[in-house]
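Visitor: Attaching a single structure in structure tokens format; questions to follow.
The values are calculated or read from the model by the stated rules, or taken from the named source; none is laboratory data. Quantities reported herein were computed from a predicted structural model and do not represent experimental measurements. Don't worry about glycine lacking a Cβ; one is built from the backbone with ideal geometry, like all the others, and counts go over all protein chains shown.
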Amino acid sequence: MRICVYPGSFDPITNGHLDIIERASYLFDKLIVGVLINTSKSPLFTVEERINLIKESCSHIKNVEVDSFEGLLIDFMKKKKATTIIKGLRAVSDFEYEFQMALMNRKLSSEIETIFMMTNSKYSYLSSSLVKEVARFGGCVKGLIPGKVENEIKRKYNRG
Ligand code: PNS
């Protein structure tokens, strides 16, 4: 069984993430969305909220599982018996950091392979941080995030 992990903060999930999840789900038997519990960041959404928003947004994809992890990604991969990491690449600017992480993960575990998927061009400028900034100041984020996330983000910023 080919199991892949798509790791990230997902604070919150965007349509760019969802596009990668949908496309990657065809390539593997199981795709696990791994939500990082990062104690040094102060996220807008709790881990539980982020997981629930991903689950609701992916309910139409049958081979997707959502779980959280702390510590090293490769330890989470081993626990899940996954051998591949999938990441989305938006622009050249993403490449340097992603390349560093891919090489570090390979150094930590030589059996693990990282593959990159090019983001759909219509989402190439999209990031969770930008979406939060726009939503926080009342800008329109329609079409950039799943409908349920749009409602929840507005609620967080008292703009619902
Ligand atoms: O959505 P993000 O914040 O860009 O995702 C970054 C993530 C979660 C993929 C990355 O920070 C990560 O894998 N963190 C786990 C810690 C780890 O394994 N670090 C060493 C390998 S680079």
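Visitor: Any residue at all in region 139-150 that's assigned to a strand (DSSP E or B), within 16 Å of the ligand (Cβ to nearest atom) and in contact with a Lys or Arg (Cβ under 6 Å, 6 or more places away or on another chain)?
Guide: Checked region 139-150: no residue is assigned to a strand (DSSP E or B), within 16 Å of the ligand (Cβ to nearest atom) and in contact with a Lys or Arg (Cβ under 6 Å, 6 or more places away or on another chain).
Visitor: Could you go through region 7-28 and let me know if any residue there is without any contact (Cβ under 8 Å) to a residue 40 or more places away in the chain, away from the ligand (no atom under 13 Å from the Cβ) and acidic (Asp, Glu).
Guide: yes
Visitor: Just to check your reading of the model, which residue among Leu108, Leu89, Leu144, Leu103 is surrounded by 12 or more Cβ atoms within 10 Å (Cβ to Cβ), more than 25 Å from Phe45 (Cα to Cα) and of a type in the set (A, V, I, L, M, F, W, C)? Show your work before the answer.
Guide: Working: Leu89 fails: more than 25 Å from Phe45 (Cα to Cα); Leu144 fails: more than 25 Å from Phe45 (Cα to Cα); Leu103 fails: surrounded by 12 or more Cβ atoms within 10 Å (Cβ to Cβ).
The unique qualifying residue is Leu108.
Visitor: Identify the residue in region 111-121 that is more than 15 Å from the chain's Cα centre (by Cα) and outside any loop (DSSP other than H, G, I, E, B) and, among all such residues, is surrounded by the most Cβ atoms within 10 Å (Cβ to Cβ).
Guide: Filtering region 111-121 down to residues more than 15 Å from the chain's Cα centre (by Cα) leaves 111-113, 121.
Subsequent filtering for residues that are outside any loop (DSSP other than H, G, I, E, B) retains 113, 121.
Numbers: Glu113: 14, Ser121: 8.
Only one residue tops the list, namely Glu113.
Visitor: How do the pairs read when you match residues in region 95-106 that are touching a residue at least 40 places away in the same chain (Cβ under 8 Å) with residues anywhere that are within 9 Å of the ligand (Cβ to nearest atom), using Cβ under 6 Å and keeping only pairs 6 or more apart or on different chains?
Guide: Listed by first residue and then by second, the contacts come to nothing, as the list is empty.
Visitor: State the number of residues belonging to region 136-151 that are β-branched (Val, Ile, Thr), within 16 Å of the chain's Cα centre (by Cα) and closer than 15 Å to Tyr125 by Cβ.
Guide: 1
Visitor: If Glu113 meets every condition in (1) in contact with a Ser or Thr (Cβ under 6 Å, 6 or more places away or on another chain); (2) under 18 Å from Leu53 (Cβ atoms) apart from one, which number is that one?
Guide: With respect to (1) in contact with a Ser or Thr (Cβ under 6 Å, 6 or more places away or on another chain); (2) under 18 Å from Leu53 (Cβ atoms), Glu113 is out only on (2).
Visitor: Could I ask something else about it? How many of the residues making up region 125-143 are in contact (Cβ under 8 Å) with a residue 60 or more places away in the chain and closer than 30 Å to Thr83 by Cα? Outline the logic, then answer.
Guide: Taking region 125-143 as the starting set, the residues that turn out to be in contact (Cβ under 8 Å) with a residue 60 or more places away in the chain are 126-128, 131-132, 143.
Next cut, closer than 30 Å to Thr83 by Cα only: 126-128.
Number satisfying all stated conditions: 3.
Visitor: In region 60-94, how many residues are under 17 Å from Glu113 (Cβ atoms) and out of contact with any His (no Cβ under 8 Å at 6 or more places or on another chain)?
Guide: The qualifying residues number 16.
Visitor: Ok, one more. Can you pull out the residues in region 136-150 that are within 20 Å of Ile51 (Cβ to Cβ) and at pLDDT below 95?
Guide: none
Visitor: Which of the residues spanning region 44-86 are surrounded by 15 or more Cβ atoms within 10 Å (Cβ to Cβ), closer than 30 Å to Ala135 by Cα and among the small types (Gly, Ala, Ser)?
Guide: Those that are surrounded by 15 or more Cβ atoms within 10 Å (Cβ to Cβ), closer than 30 Å to Ala135 by Cα and among the small types (Gly, Ala, Ser): Ser57, Ser68.
Visitor: Looking at region 1-83, what helices (runs of 4 or more DSSP H) fall wholly within it and have at least 1 residues that are among the hydrophobic types (A, V, I, L, M, F, W, C), in contact with a Pro (Cβ under 9 Å, 6 or more places away or on another chain) and under 30 Å from Arg155 (Cα atoms)? I'd like the intermediate steps shown before the answer.
Guide: Working: elements: 15-25, 47-57, 73-80.
The helices (runs of 4 or more DSSP H) meeting that bar are 15-25, 47-57.
Visitor: Of the numbered conditions (1) more than 12 Å from the ligand (Cβ to nearest atom); (2) closer than 14 Å to Tyr6 by Cα; (3) basic (Lys, Arg), Lys87 satisfies every one except a single condition; which is it?
Guide: Checking Lys87 against (1) more than 12 Å from the ligand (Cβ to nearest atom); (2) closer than 14 Å to Tyr6 by Cα; (3) basic (Lys, Arg), the one that fails is (1).
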